[in-house]
1. Of the residues GLU12, GLU40, GLU22, GLU8, which single one is among the charged types (D, E, K, R) and within 19 Å of ALA51 (Cβ to Cβ)?
2. Out of all the residues in segment 27-50, is one or more among the polar types (S, T, N, Q) and in a helix (DSSP H, G or I)?
3. Can you run down the residue pairs with Cβ atoms below 9 Å, 6 or more apart or on separate chains, where the first is in segment 11-26 and of a type in the set (A, V, I, L, M) and the partner is surrounded by fewer than 12 Cβ atoms within 10 Å (Cβ to Cβ) and in a helix (DSSP H, G or I)?
4. Here's a check for you: in segment 1-45, which residue that is among the polar types (S, T, N, Q) and touching a Ser or Thr at 6+ places or on another chain (Cβ under 7 Å) is modelled with the highest pLDDT?
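The values are calculated or read from the model by the stated rules, or taken from the named source; none is laboratory data. As the structure is a prediction and not an experimental result, all values here were calculated from the model. Methodologically, a virtual Cβ is constructed for each residue, glycine included, from the backbone with ideal geometry; neighbour enumeration extends over all protein chains shown.
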Amino acid sequence: MKTSILIERTPEVVFNYIANFENNPNWQSGMVSATFTNGELRKGATYDQVA
């Protein structure tokens with residue numbers, strides 16, 4: 001089975017959305033929460049994730 005969806009956004013907008021781990025519950029099934037543990041999205045950032 002193959003599924004596809006058209007996302008009417010620029011690649012940069014899509015990448016920035018999925019690169020922010022706090023958005024994971026919005027698009028990954030089974031994901032309950034994802035929270036940065038040391039501030040914000042940046043090099044070296046860490047986060048807690050509940051699935």
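1. Just one listed residue meets the conditions, GLU22.
2. No - not one qualifying residue is present in segment 27-50.
3. Close Cβ pairs (under 9 Å, with a partner that is surrounded by fewer than 12 Cβ atoms within 10 Å (Cβ to Cβ) and in a helix (DSSP H, G or I)) amount to ILE18/TRP27.
4. So, considering only residues that are among the polar types (S, T, N, Q) and touching a Ser or Thr at 6+ places or on another chain (Cβ under 7 Å), the one modelled with the highest pLDDT is THR37.
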